[in-house]
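**Student:** My questions all concern the structure below.
The values are calculated or read from the model by the stated rules, or taken from the named source; none is laboratory data. Predicted, not measured: the structure shown is a model, and the values here were computed from it. Cβ placement follows ideal geometry from the backbone for every residue including glycine, while neighbour counts extend to all protein chains displayed.
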């Protein structure tokens, strides 16, 4: 029998840096001579993360329409399709950022039902410092309701290890404070300080993920009513559109302008932004703008440095606001930013909704090793 594929899933709350982490891990594994397949996940299609990873040359499958736990069959089918095309040694999986209970509904089903196909790595969860400090300190003003914070805390509780990300943006004192908060919240759970953007800590992360042992055993005591209500408080939007002009325009200015103006407009309505990204695609060029924190300006995380006549743009937003209002704000902002640069906009598809109640395909109440 052929060797099992290594299944590496990296979780974390919305905006924690999962896509950057997955991309850097994929490059690291490729440099080691291992073939890599990536599976992204979203409640809707047109995911910026999928476009971003594909634009970087990775082989990416997408599970859309529900989280991995509620669409488990599509997860295994997507992996099978990647394996049929060019069998990977490693599968990197990025779950929906508002999901938890992934050990009971993904890790254990893979081990107990597909143990002949997969060797499952320790399950890591990424901590975003801004969310972590606000929620774990209990200081209030996190921008999220107690029910959304409940999901955040449960994600940490089921992790085999926690990645304290964006360490390059923190002072030593801030990093120490966050580590102490984590040690109180999830005592005994290993904590690794990393910078997904700069690659700090990734050699240690790779060694941790390569460990064999009895991982993925933290079955949560989870109240699915609170979980469902916490997810439903977030407005969810994925929108694809085309921008074009008779004269060349700076694509990066469009992307950055959309995110920054949305940040300001959402803040003025008291709506906490969990995740906000745009990607622009044109003839092999791509650029990405995103919001790291609602307290800081938008940033151009991947500049395209191009001036096309037309481009495809995808906007993803997860915000604590009614989805109908979120759609209005996105469409108004896109038209305003584009119009200011003399660019016409054609909206092609927009999905805006509140996530439904999670109904896992499988949920294992007892863990097995392996």
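**Student:** Go over the candidates 254, 315, 259 one by one and state the one that is part of a strand (DSSP E or B), at pLDDT 95 or above, buried (at least 23 other Cβ atoms within 10 Å of the Cβ) and not assigned by TED's automatic domain parsing to the domain that holds residue 100.
**Tutor:** Numbers: 254 fails: part of a strand (DSSP E or B); 259 fails: part of a strand (DSSP E or B).
Only one candidate passes the filter, namely 315.
**Student:** Could you check the stretch 5-17 and list, in sequence order, the residues that are within 18 Å of residue 294 (Cβ to Cβ) and not in a loop (DSSP other than H, G, I, E, B)? Please lay out each step first, then the result.
**Tutor:** Going residue by residue through the stretch 5-17, those that are within 18 Å of residue 294 (Cβ to Cβ) are 12-17.
Within the stretch 5-17, 12 is the sole residue that qualifies.
One line per residue, one yes/no per condition, for (1) under 20 Å from residue 277 (Cα atoms); (2) buried (at least 17 other Cβ atoms within 10 Å of the Cβ):
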position	(1), (2)
9	no, yes
19	yes, yes
26	no, yes
30	no, no
38	yes, yes
74	no, yes
85	no, no
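**Student:** With the structure loaded, tell me whether residue 167 is more than 22 Å from residue 92 (Cα to Cα) and under 19 Å from the mean Cα position of the chain (by Cα) or whether it fails that test.
**Tutor:** On the way: more than 22 Å from residue 92 (Cα to Cα): yes; under 19 Å from the mean Cα position of the chain (by Cα): yes.
Here the answer is yes, as residue 167 does meet what is asked.
**Student:** So which of 147, 134 is touching a helix residue (DSSP H, G or I) at 6+ places or on another chain (Cβ under 9 Å), without any contact (Cβ under 8 Å) to a residue 24 or more places away in the chain and surrounded by fewer than 23 Cβ atoms within 10 Å (Cβ to Cβ)?
**Tutor:** Numbers: 147 fails: without any contact (Cβ under 8 Å) to a residue 24 or more places away in the chain.
The match here is 134.
**Student:** Would you say residue 208 is at pLDDT 95 or above, part of a loop (DSSP other than H, G, I, E, B) and either more than 23 Å from residue 326 (Cα to Cα) or touching a helix residue (DSSP H, G or I) at 6+ places or on another chain (Cβ under 9 Å) (or both)? Walk me through it before giving the result.
**Tutor:** Values: at pLDDT 95 or above: yes; part of a loop (DSSP other than H, G, I, E, B): no; either more than 23 Å from residue 326 (Cα to Cα) or touching a helix residue (DSSP H, G or I) at 6+ places or on another chain (Cβ under 9 Å) (or both): yes.
So residue 208 fails the test.
**Student:** Please enumerate the residues belonging to the stretch 98-118 that are in contact with a helix residue (DSSP H, G or I) (Cβ under 9 Å, 6 or more places away or on another chain) and not in a helix (DSSP H, G or I).
**Tutor:** Applying the first criterion (in contact with a helix residue (DSSP H, G or I) (Cβ under 9 Å, 6 or more places away or on another chain)) to the stretch 98-118 yields 98-102, 104-106, 109-110, 113-114, 117-118.
Result: 98, 99, 100, 101, 114, 117, 118.
**Student:** Residue 174: within 30 Å of residue 269 (Cα to Cα) and either in a loop (DSSP other than H, G, I, E, B) or touching a strand residue (DSSP E or B) at 6+ places or on another chain (Cβ under 7 Å) (or both), yes or no?
**Tutor:** Against the criterion (within 30 Å of residue 269 (Cα to Cα) and either in a loop (DSSP other than H, G, I, E, B) or touching a strand residue (DSSP E or B) at 6+ places or on another chain (Cβ under 7 Å) (or both)), residue 174 does not qualify.
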